[in-house]
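Shown next, in C-alpha cells, is the structure this report addresses.
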Amino acid sequence: QVQLVESGGGLVQAGGSLRLSCAASGTIFRLNVMGWYRQDPGKQRELVALITRDGSTNYGDSVKGRFTISGDNAKNLVYLQMNSLKPEDAAVYYCNAADRYAKSYWGQGTQVTVSS
C-alpha cells in the first residue's frame with residue numbers, strides 16, 4: 001500500500017505562486033510515476049503534471065510554461081510549483097501515484113483558491 005499526503009494549498013491572488021508538496025510512504029519502491037490532478041466541482045478530474053521515476057515529465061496543456069513538477073527521491077516527495085496562477089486554476093489538487101502493477105493511489109486533496 002501507498003499513502004500520499006498533500007500540503008501547500010491555500011489562497012493566492014491571480015498572478016501569484018504556490019508550491020504543493022506530496023509526501024509518499026509505504027511500498028513506494030513499486031511506484032513508476034507520480035503526479036498531480038485537479039478537480040473543480042462539476043468538472044472531471046484533469047491531469048496537471050506527471051513525473052516518472054527517471055525524471056521525465058508531462059504537463060496538461062493549460063499549465064504548460066507556468067507549472068513545474070519535480071521530485072526528491074531521497075525524501076519521497078513530489079512538488080508542484082505553480083506560477084502565474086489564474087482564477088481558472090482554482091480547484092482541489094490531488095496527488096496521484098501509480099505502481100508497476102498499474103495500481104493507482106490518491107491523496108486526500110488540497111484546495112487551491114485563486115482570487116481575481
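The values are calculated or read from the model by the stated rules, or taken from the named source; none is laboratory data. This structure is a prediction, so every number in the text was calculated from the model and none was measured. Note that we place each Cβ from the backbone using ideal geometry, even for glycine, and neighbour counts take in every protein chain shown. We work out accessible area using only protein heavy atoms, side chains counted, and drop any ligands, DNA or RNA first. Shrake-Rupley method; radii C 1.70, N 1.55, O 1.52, S 1.80 Å.
Can you tell me which of (1) modelled with pLDDT of 95 or more; (2) surrounded by 13 or more Cβ atoms within 10 Å (Cβ to Cβ) is the one Arg30 doesn't meet?
Condition not satisfied by Arg30: (1).
Restricting attention to segment 18-27, report how many residues are open to solvent by less than 60 Å² (accessible area, probe 1.4 Å) and either under 16 Å from Ser62 (Cβ atoms) or touching a residue at least 60 places away in the same chain (Cβ under 8 Å) (or both). Break it down into steps so the answer makes sense when it comes.
From segment 18-27, those open to solvent by less than 60 Å² (accessible area, probe 1.4 Å) are 18, 20-27; that's our starting set.
Checking the rest, the ones that are also either under 16 Å from Ser62 (Cβ atoms) or touching a residue at least 60 places away in the same chain (Cβ under 8 Å) (or both) come to 18, 20, 22, 24, 27.
Adding up the residues that qualify gives 5.
Can you confirm whether segment 70-91 contains a residue that is in contact with a helix residue (DSSP H, G or I) (Cβ under 8 Å, 6 or more places away or on another chain) and not basic (Lys, Arg)? So that I can check it myself, show each step before the final result.
First pass over segment 70-91, keeping only residues in contact with a helix residue (DSSP H, G or I) (Cβ under 8 Å, 6 or more places away or on another chain): 76, 82.
Subset that is not basic (Lys, Arg): 76, 82.
There is at least one residue in segment 70-91 that is in contact with a helix residue (DSSP H, G or I) (Cβ under 8 Å, 6 or more places away or on another chain) and not basic (Lys, Arg).
Residues in segment 37-49: is at least one of a type outside the set (Ser, Thr, Tyr), open to solvent by less than 50 Å² (accessible area, probe 1.4 Å) and modelled with pLDDT under 95?
No: zero hits.
Can you tell me which condition Gly109 does not meet? The list is (1) modelled with pLDDT of 95 or more; (2) on the phi > 0 side of the Ramachandran plot; (3) exposed (fewer than 14 other Cβ atoms within 10 Å of the Cβ), and all the others hold.
Every listed condition holds for Gly109 apart from (3).
If you take the residues in segment 27-42 that are touching a strand residue (DSSP E or B) at 6+ places or on another chain (Cβ under 8 Å) and not hydrophobic (A, V, I, L, M, F, W, C), which one is farthest from Tyr105 (Cα to Cα)?
Step by step, filter segment 27-42, then rank; the result is Asp40.
Please give the number of the condition Asn73 fails out of (1) buried (at least 17 other Cβ atoms within 10 Å of the Cβ); (2) under 19 Å from Gln1 (Cα atoms).
(1)
Which residue is farthest from the chain's Cα centre (by Cα), if the candidates are limited to segment 86-99 and must be farther than 11 Å from Gln39 by Cα and buried (at least 22 other Cβ atoms within 10 Å of the Cβ)?
Restricting to residues being farther than 11 Å from Gln39 by Cα and buried (at least 22 other Cβ atoms within 10 Å of the Cβ), the top hit is Ala97.
Quick check on my filter: what residues within segment 52-68 are surrounded by 15 or more Cβ atoms within 10 Å (Cβ to Cβ), modelled with pLDDT of 95 or more and farther than 15 Å from Met82 by Cβ?
none
Sort out which residues of segment 76-116 are over 17 Å from Gln13 (Cα atoms), not in a strand (DSSP E or B) and not small (Gly, Ala, Ser), and write them in order of number.
Asn76, Arg100, Tyr101, Lys103, Gln108 - these are the residues of segment 76-116 that are over 17 Å from Gln13 (Cα atoms), not in a strand (DSSP E or B) and not small (Gly, Ala, Ser).
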